[in-house]
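Below: the structure, in structure tokens.
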Amino acid sequence: MSQERRNPGRTGGNRGSDGRRGGDRDRRDERGRQRNRRSVGQRKFSASAPSQRTRATDPARLAAFRTLRAVTSDDAYGNLVLPEQIRRLGLNKRDAALATELAYGALRQQGTWDAVLARCVDRPLAKIDPPVLDALRLGTHQLLAMRIPDHAAIDQTVGLTRAEIGAGPSGLVNAVLRKVMAKDLESWLTELTQGQGEIDRLSVETSHPAWIVRALKQALAIHGRPASELPELLRADNEAPKVHLVALPGLADLSGALEQGAIPSPLVPGAAVSGGGDLHRLADVQDGTVRVQDSGSQLVARSMVAAEPVQSGERWLDLCAGPGGKAALLAAEAARHGAHLLANEVAEHRAGLVRQALETVPEQAWSIRVGDGREITAEDAQNSTGQTGFDRILVDAPCTGLGALRRRPESRWRRTPQDLAELTVLQTQLLATAADALKPGGLLVYATCSPHAAETAVAVDDLLRTRTDLTLVDAGPAARAAALPGALDGEADPTKAYAGPNSGRADAGATTLQLWPHVHGTDAMFVAHFRKRPVAKTDQA
């Protein structure tokens with residue numbers, strides 16, 4: 001048996017950089033038999049003996065690799081898979097931090113790492129087995145973005161490949177990663193972006209698809225911020241988000257979290273930014289009265305409550321409630337003010353998450369409906385007095401999620417411009433249903449976790465064009481009333497005066513609200529407030 005068959009993972013002799021036997025054809029005689037290979041003096045040997053090479057991987061890298069595999073093969077979300085892997089493998093705090101950086105870093109930087117890897121193999125990346133490509137991404141992230149010695153990064157990645165994929169592909173991984181380490185990140189970026197325009201250059205440098213870079217540049221302009229902030233915004237998408245906490249009003253405070261090193265939120269009251277302590281040990285976190293929730297999402301829910309004084313007996317609707325973060329905050333506010341929240345969710349399993357989120361709130365303040373939000377009616381709000389229609393409705397619509405790429409880095413590689421067509425139709429339908437279910441004089445709050453023009457400004461235009469019974473009202477005062485004093489002033493002012501084609505259906509000076517990760521430290525939440533025109537006597541007649 002030949003040496004290559006006995007050592008299929010070795011890269012040497014006639015193997016190319018991709019691990020294939022690129023020179024075999026030239027080394028065969030007329031009968032197709034293999035000729036003698038290079039002399040011993042021409043061959044390169046590993047510095048390690050076969051018995052010394054790593055054939056396994058440490059638990060942190062294993063957790064990261066399995067997370068990438070779930071994301072790649074099963075369309076899973078990394079923020080759901082990784083914690084389970086950390087628990088399953090019993091990682092300590094240090095190893096959990098390493099696994100988190102490896103997994104999320106490789107997912108965020110996938111575009112950049114793939115551009116580098118494409119220069120280091122002689123076949124399209126699509127032709128590489130997906131598990132091998134995921135291993136290469138992890139190795140590249142260690143070599144170019146982490147303070148891990150080159151030899152350790154390569155040795156551990158090759159060991160991971162041997163243990164989880166097989167001995168054969170380890171030769172490819174070893175050869176490709178040695179090419180990657182030949183240049184530092186700055187040198188790679190200079191080579192990869194030479195001669196490119198702004199959009200393509202930023203796409204590679206910040207690891208965003210070009211269409212998202214283009215869309216975010218347009219969004220900055222539409223929402224009143226200079227396009228020069230684009231690089232900063234893209235970089236903010238690649239930063240690990242801080243953990244924000246909220247104490248449900250009337251049910252808990254943040255004293256325990258503050259004692260664990262959390263600091264008060266600079267944006268909204270009753271919120272904090274985690275200092276990295278073990279929050280799950282806190283009783284308030286265990287019982288759900290203190291929750292993890294982005295402060296931008298908190299501001300959206302609080303702005304609906306702060307828009308006007310709450311009257312006892314009001315009926316509220318969260319039309320797209322899953323997984324329940326905003327619903328829990330609204331239900332707690334409803335309990336305080338004698339209102340009632342109906343939380344609607346179309347998917348049964350997500351409705352279960354909503355129920356878990358609401359269980360800590362007094363049950364008389366909320367109820368759950370499982371069903372299509374496009375089929376809800378004013379009668380769903382009917383109370384004991386027979387009145388119909390909701391006083392306040394939140395439509396936190398399904399969207400592209402371009403405002404939360406920090407939290408779900410894999411979303412940037414899944415979403416395409418074609419997704420917008422389907423999503424904007426759904427958003428339009430949900431808003432139309434919400435307008436029908438709203439009581440005359442009631443408040444409709446539209447929110448998306450996306451700054452994309454089609455999901456924000458255009459959606460507002462379309463709703464005002466098609467619904468003459470709705471008026472856009474100023475969201476700025478409600479947002480400021482919900483935020484801490486001065487938090488939304490100056491450069492942090494998120495409001496933009498509406499000046500669209502349907503300005504006649506907006507109050508004078510009515511503003512919408514757009515938060516940004518690079519400005520406010522939140523997800524890029526968009527908010528618009530609408531009021532349903534009261535029924536005039538002439539209309540009743």
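Overview of values
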item	result
Residue within region 304-314 that is part of a loop (DSSP other than H, G, I, E, B) and without any contact (Cβ under 8 Å) to a residue 12 or more places away in the chain present	yes
Residue selected from region 409-435 under the condition among the charged types (D, E, K, R) and crowded, with 19+ Cβ neighbours inside 10 Å, by the criterion farthest from the chain's Cα centre (by Cα)	R415
Inter-residue pairs, beta-carbon under 6 Å, first outside the structural domain of T495 (by TED's automatic domain parsing) and in region 221-236, second outside any helix (DSSP H, G or I) and surrounded by 15 or more Cβ atoms within 10 Å (Cβ to Cβ), 6+ apart	H223/K496; H223/Q514; G224/K496; L234/H208
Residue count for region 206-219, restricted to those that are in contact (Cβ under 8 Å) with a residue 24 or more places away in the chain and farther than 14 Å from R408 by Cα	8
Total residues in region 459-478, condition surrounded by 16 or more Cβ atoms within 10 Å (Cβ to Cβ) and in contact with a helix residue (DSSP H, G or I) (Cβ under 8 Å, 6 or more places away or on another chain)	11
Selected residue (criterion: surrounded by the most Cβ atoms within 10 Å (Cβ to Cβ)) from residues of region 259-300 that are at pLDDT 95 or above, in a helix (DSSP H, G or I) and touching a strand residue (DSSP E or B) at 6+ places or on another chain (Cβ under 7 Å)	V300
Members of region 361-386 found to be in contact (Cβ under 8 Å) with a residue 24 or more places away in the chain and either assigned to a loop (DSSP other than H, G, I, E, B) or under 30 Å from L107 (Cα atoms) (or both), listed by number	V361, P362, G371, D372, I376, T377, N383
Number of positions in region 318-337 that are of a type in the set (G, A, S) and over 14 Å from S367 (Cα atoms)	1
D523 crowded, with 23+ Cβ neighbours inside 10 Å and acidic (D, E)	yes
Within region 502-523, considering residues that are in a loop (DSSP other than H, G, I, E, B) and aliphatic (A, V, I, L, M), the one modelled with the lowest pLDDT	A508
Qualifying position, being surrounded by fewer than 21 Cβ atoms within 10 Å (Cβ to Cβ), among the hydrophobic types (A, V, I, L, M, F, W, C), over 17 Å from T424 (Cβ atoms) and modelled with pLDDT under 95, among A499, A481, A492	A499
Checking L233 against (1) under 22 Å from D493 (Cβ atoms); (2) in a loop (DSSP other than H, G, I, E, B); (3) in contact with a Phe, Trp or Tyr (Cβ under 7 Å, 6 or more places away or on another chain), the condition it does not meet	(2)
Residue selected from region 349-394 under the condition surrounded by 13 or more Cβ atoms within 10 Å (Cβ to Cβ) and among the hydroxyl-bearing types (S, T, Y), by the criterion nearest to the chain's Cα centre (by Cα)	T360
From E229, E191, E239, E198, residue being more than 22 Å from G139 (Cβ to Cβ), acidic (D, E) and in contact with a Lys or Arg (Cβ under 8 Å, 6 or more places away or on another chain)	E239
Complete set of residues in region 162-205 that are in contact (Cβ under 8 Å) with a residue 12 or more places away in the chain, in a loop (DSSP other than H, G, I, E, B) and either surrounded by fewer than 15 Cβ atoms within 10 Å (Cβ to Cβ) or not assigned by TED's automatic domain parsing to the domain that holds M146 (or both)	D184
Tally, over region 320-332, of residues that are in a helix (DSSP H, G or I) and surrounded by 23 or more Cβ atoms within 10 Å (Cβ to Cβ)	7
Boolean, R123 is under 22 Å from T193 (Cα atoms), among the basic types (K, R) and in the same structural domain as G159 (by TED's automatic domain parsing)	yes
Test: residue in region 436-450 that is modelled with pLDDT of 95 or more, within 17 Å of the chain's Cα centre (by Cα) and part of a loop (DSSP other than H, G, I, E, B)	yes
Condition check for S228: over 30 Å from A60 (Cα atoms) and small (G, A, S)	yes
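Yes or no, residue by residue, for (1) touching a strand residue (DSSP E or B) at 6+ places or on another chain (Cβ under 7 Å); (2) over 24 Å from T511 (Cα atoms); (3) among the β-branched types (V, I, T); (4) touching a residue at least 40 places away in the same chain (Cβ under 8 Å):
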site: L402; (1), (2), (3), (4): no, no, no, yes
site: Q429; (1), (2), (3), (4): no, no, no, yes
site: A454; (1), (2), (3), (4): no, no, no, no
site: L463; (1), (2), (3), (4): yes, no, no, yes
site: T466; (1), (2), (3), (4): no, no, yes, no
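The values are calculated or read from the model by the stated rules, or taken from the named source; none is laboratory data. It should be emphasised that the depicted structure is a prediction, and the values quoted were computed from it without experimental measurement. When we count neighbours, we look across all protein chains shown, and the Cβ atoms used for this are built from the backbone with ideal geometry, even at glycine.
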